1. Quick one: in region 203-253, of everything that is under 25 Å from the mean Cα position of the chain (by Cα) and hydroxyl-bearing (Ser, Thr, Tyr), which residue is modelled with the lowest pLDDT?
2. Does region 81-96 contain at least one residue that is in contact with an Asp or Glu (Cβ under 6 Å, 6 or more places away or on another chain) and hydrophobic (A, V, I, L, M, F, W, C)?
3. For region 100-118, which positions are out of contact with any helix residue (DSSP H, G or I) (no Cβ under 8 Å at 6 or more places or on another chain) and in a loop (DSSP other than H, G, I, E, B)?
4. For Val317, indicate whether it is open to solvent by less than 10 Å² (accessible area, probe 1.4 Å), assigned to a strand (DSSP E or B) and in contact (Cβ under 8 Å) with a residue 24 or more places away in the chain.
5. Restricting region 21-57 to residues that are among the aliphatic types (A, V, I, L, M) and over 24 Å from Arg183 (Cβ atoms), which is surrounded by the fewest Cβ atoms within 10 Å (Cβ to Cβ)?
6. Starting from residues that are closer than 15 Å to Val87 by Cβ and part of a loop (DSSP other than H, G, I, E, B), keep the ones in region 273-314 and report whichever is farthest from the chain's Cα centre (by Cα).
7. Answer yes if at least one residue in region 119-142 is within 25 Å of Gly277 (Cα to Cα), within 18 Å of the chain's Cα centre (by Cα) and assigned to a helix (DSSP H, G or I), and no otherwise.
8. Mind checking which residues of region 58-78 are within 21 Å of the chain's Cα centre (by Cα) and open to solvent by 40 Å² or more (accessible area, probe 1.4 Å)?
Amino acid sequence: MPRRPRWSRASRIATAADVADLRRLASRRAPRMVFDYVDGAAEGERSMARAVQAFERVEFAPHVLRDVSAAPTPVEILGRRIAMPVVLGPTGFTRMMHRAGERAVARAAEHAGVPYVLSTMGTTTAADVAAAAPGGWNWFQLYVVRDRARSLETLSMASDAGMDVLVVTVDVPVAGARLRDVRHGMTIPPSLRWRGALEALRHPAWWFDFLTGEPLRFATVDGAPDDMAGLTNLMFDPSVTVADLEWIRSAWPGRLLVKGVQRVDDAKELAAVGVDGLVVSNHGGRQLDRAATPLELLPEVVAAVGDRTEVFLDGGVRSGADVAAAVALGARACFVGRAYLYGLMAGGEPGVRRVLDLLHAELVRTLQLLGVGGVEGLSPDVVRLRDR
């Protein structure tokens, strides 16, 4: 019998039909502990599961007999036009997923015409991200640390790199319990103990890249990456309040978003302070299990803050149809995290580009089938959440 042709990894990425395909490719390339670091969430992982399941409850009500020969996807957020309502959100330890790390993600975002948010817990400096994607719209995400002078230095580095949007994450007063990582004995960087050695045999390409690439380190914060307890004590300040946001506002020259909103009354308070945007998010389910489900909370937050501030959604987005549903329910754009990390793990920058291509194609097709023509035609009357 003739042998079946072996497809290259590049061809598998290029022909991936959806994000789920890229997730499967990622699970084959990356060691289990690394894949689970991305794929997992806190405790029983209910928050993450509910965020995804909320999109499964979406029911569209399409118009018919409309001219949908064109379906433009550009939108304006924070005073600037982007190619589609998608933001590549902040993720930590990104070079652990692939040696190209944040640089690859920033270049893919630049190519797609969408923003990229560099994390405080990133493994590439703000200056290096700006050099990798000089034409991109690069943002910065901040955790307020105990040493306020250190926060000021971080803001200065981001501003000097040309980043003009700051995303302050406020839902991590302490670190969540990610039990998959605990069960794996996860270390950052991953160690070649006996279990790691067995994983190396199963995933040689990942380990070769990891062992021959630039050593994994935190590019913005000091501290050895394997000292997770010490790093947590440094990074997460449980005393942060709204007053700290006002202090950040006075120190930051650009736009200010707050990420981690999970209550309507908190959204109202933040809008009253005058932040430029709110991100309805439960941190991808990675902090508090049984937290609010972002898509379900979104319409209430939008109604509560009106036009005083822009509202974004983060959590559970896996397709362009998900993006369309969130925008129809009031989001200006969606933050995407795990979806692009699956692409990065599967194949570096081409994998991230494939995720963005899929999101765009799915969004266009959904807009046409909804009979709205373009993103600006999306409204609550074309979508509802079915009863549980």
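1. The selected residue is Thr232.
2. Scanning region 81-96 turns up no residue that is in contact with an Asp or Glu (Cβ under 6 Å, 6 or more places away or on another chain) and hydrophobic (A, V, I, L, M, F, W, C).
3. Taking region 100-118 and keeping what is out of contact with any helix residue (DSSP H, G or I) (no Cβ under 8 Å at 6 or more places or on another chain), we get 110, 113, 117.
Gly113 - this is the single residue of region 100-118 that is out of contact with any helix residue (DSSP H, G or I) (no Cβ under 8 Å at 6 or more places or on another chain) and in a loop (DSSP other than H, G, I, E, B).
4. Working: open to solvent by less than 10 Å² (accessible area, probe 1.4 Å): yes; assigned to a strand (DSSP E or B): no; in contact (Cβ under 8 Å) with a residue 24 or more places away in the chain: yes.
No, not satisfied.
5. Our first condition is that a residue be among the aliphatic types (A, V, I, L, M); within region 21-57, this holds for 22, 25-26, 30, 33-34, 38, 41-42, 48-49, 51-52, 54.
Subset that is over 24 Å from Arg183 (Cβ atoms): 22, 54.
Numbers: Leu22: 27, Ala54: 22.
Filtering region 21-57 for residues that are among the aliphatic types (A, V, I, L, M) and over 24 Å from Arg183 (Cβ atoms), the one surrounded by the fewest Cβ atoms within 10 Å (Cβ to Cβ) comes out as Ala54.
6. Ranking the candidates gives Asp276 first.
7. yes
8. Across region 58-78, the qualifying residues are Pro74, Glu76.
The values are calculated or read from the model by the stated rules, or taken from the named source; none is laboratory data. Note that the coordinates shown come from a computational prediction; the quantities given were computed from them, not determined experimentally. Quick reminder, even Gly has a Cβ in these numbers, built from the backbone with ideal geometry, and neighbours come from all protein chains shown. Just so you know, the surface numbers come from the protein's heavy atoms only, side chains and all, with ligands and any DNA or RNA stripped out. Shrake-Rupley method; radii C 1.70, N 1.55, O 1.52, S 1.80 Å.
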